[in-house]
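The values are calculated or read from the model by the stated rules, or taken from the named source; none is laboratory data. As the structure is a prediction and not an experimental result, all values here were calculated from the model. Cβ sites come from the backbone with ideal geometry, for glycine too, and all protein chains shown count toward neighbours.
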Amino acid sequence: MSTETLPTRSSVEAAAAYLEDGFAVIPVPKGKKSPKIKGWQTLKLSKHDVAKYFGKSDNVGVLLGKKASWLVDVDLDADEAVAAADAFLPKTKWIHGRGRKPASHWFYRAKGAKTRRFKDPHGDCLVELRSTGHQTLVPPSIHPSGDRYDWNKEGSPSRVSTSELTHAVARLAACALVARTWPKKGDRHNCALALAGMLLRAGWSTKEAEHFLGTAAKIAGDQEQKKRIAVVHDTKKKLKKSKPVTGRLTLTKIFGEEVVKLIIDWLEITPHPAKPTDGAPSGRRDVNLTAIRLLEIDQPQQRHVVEVKAEAAGKTRTFGVSPAVLKTPKRLAGVVADRTGEMLNDDDPLLFGLRDQIPSIPRVHAVSRLGWTPQRDAFMYGKKALRTARQHEKLIFRPEEVR
């Protein structure tokens, strides 16, 4: 549909053109955003009805959602959301806005999409995914402020999956909120470090975290955007070396609890592993260790090595320890923690739960910090004993839930 001349057309002509291209149109009074006609959600007009329902200068709305072939509108209310749109939203060729807020409505076809509003802690809407039960004004309509709606892209709405679109809108909203709350000065470096730590621990790739953090810093007007992005790589290196990094606790001190809760919710970051209803540790997050076999290695003072297999959330890694280590719980704890710690720092979504259980804990202390109490010849977990004297028994670490 060519909309180049729509701003000079009458509302009747524009509505007829939208109908011809398969859009369901709704008459809206001039200068208003909401229809006055009753039952507009089920109104089905033909080109012969347009002149009857539309005045020459009325606004034109298009129906959204299920009864409109799943046309949906990403309504970017906040300036930060408009600025972040290109960085997060899927490409589409049907975008419009108005004088003071161009390119603030991005349209898609997304079957099954539901309406969702993203508000900051003060109740101000950042972005809204609009679907069934809603309509959106289109050119040549006039906003209540007096601005005229104009097209930025005049092609057709892109077809996207609902999951892709809702995921993109949620990340956009979170980025807009971060940008809106970004420190004016002083805490910017600490803020970037904490945000990077939280995202990387949640399983984000370095590239994803750099993109998110860099976009937020840019929108916030941070002049040291490159430095903010660089902390992601530095934080990743620290995590790989099992060094402590800051995260959501530090971020809460900077942004406030309400802001961080919203960010975690929108990005679907689990604050803490869920505790099973029966009070038992979750089997999904167990670290299973099996002493496989005794190896002969021709090295001075280390001819006998026990090969151990570690399994965590579908990941497997083998490593060797001496029989003496197997007989010494504290030494075994260090070796196991180091080796499984490497697994926990992989960018694998299956490991999110495990990784989230031991934030900021040096891996060498992970086993004891997760609830195992070292005794002379065993680790105790509640009333259960993990004895390490026998080389071929299966050892199961079930870390207690971290609050």
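Details
- Counting residues in the range 54-64 that are in a helix (DSSP H, G or I) and either in contact (Cβ under 8 Å) with a residue 60 or more places away in the chain or in the same structural domain as Ser158 (by TED's automatic domain parsing) (or both) gives zero.
- Counting only strands (runs of 3 or more DSSP E) wholly contained in the range 91-137, the ones carrying 3 or more residues that are without any contact (Cβ under 8 Å) to a residue 60 or more places away in the chain and more than 24 Å from the chain's Cα centre (by Cα) occupy 94-98.
- Qualifying residue in the range 165-176 (condition: buried (at least 17 other Cβ atoms within 10 Å of the Cβ) and touching a Cys at 6+ places or on another chain (Cβ under 8 Å)): no
- Scanning the range 147-168 for residues that are of a type in the set (Gly, Ala, Ser), over 16 Å from Asp75 (Cα atoms) and touching a residue at least 40 places away in the same chain (Cβ under 8 Å) yields Gly155, Ser156, Ser161.
- Scan of the range 45-63 for residues that are surrounded by 14 or more Cβ atoms within 10 Å (Cβ to Cβ), charged (D, E, K, R) and over 20 Å from His134 (Cβ atoms), ordered by number: Asp49
- Just one of the listed residues (Thr162, Thr166, Thr132) is assigned by TED's automatic domain parsing to the domain that holds Trp70 and closer than 24 Å to Asn59 by Cβ, and it is Thr132.
- Restricting the first member to the range 200-223 and to residues that are surrounded by 22 or more Cβ atoms within 10 Å (Cβ to Cβ), and the second to residues that are of a type in the set (S, T, N, Q), the beta-carbon pairs closer than 7 Å and six or more apart or on different chains are Leu200/Thr235; Ala217/Gln225.
- Here Lys237 passes the criteria (1) touching a residue at least 12 places away in the same chain (Cβ under 8 Å); (2) part of a helix (DSSP H, G or I); (3) more than 14 Å from the chain's Cα centre (by Cα) except the one numbered (1).
- Picking from residues in the range 27-44 that are within 26 Å of Lys114 (Cβ to Cβ) and in contact (Cβ under 8 Å) with a residue 40 or more places away in the chain, the one that is surrounded by the most Cβ atoms within 10 Å (Cβ to Cβ) is Val28.
- Qualifying position, being among the basic types (Lys, Arg), farther than 20 Å from Asp86 by Cα and in contact with a helix residue (DSSP H, G or I) (Cβ under 9 Å, 6 or more places away or on another chain), among Lys218, Lys253: Lys253
- Verdict on Ser158 being over 29 Å from the mean Cα position of the chain (by Cα), among the polar types (S, T, N, Q) and buried (at least 16 other Cβ atoms within 10 Å of the Cβ): no
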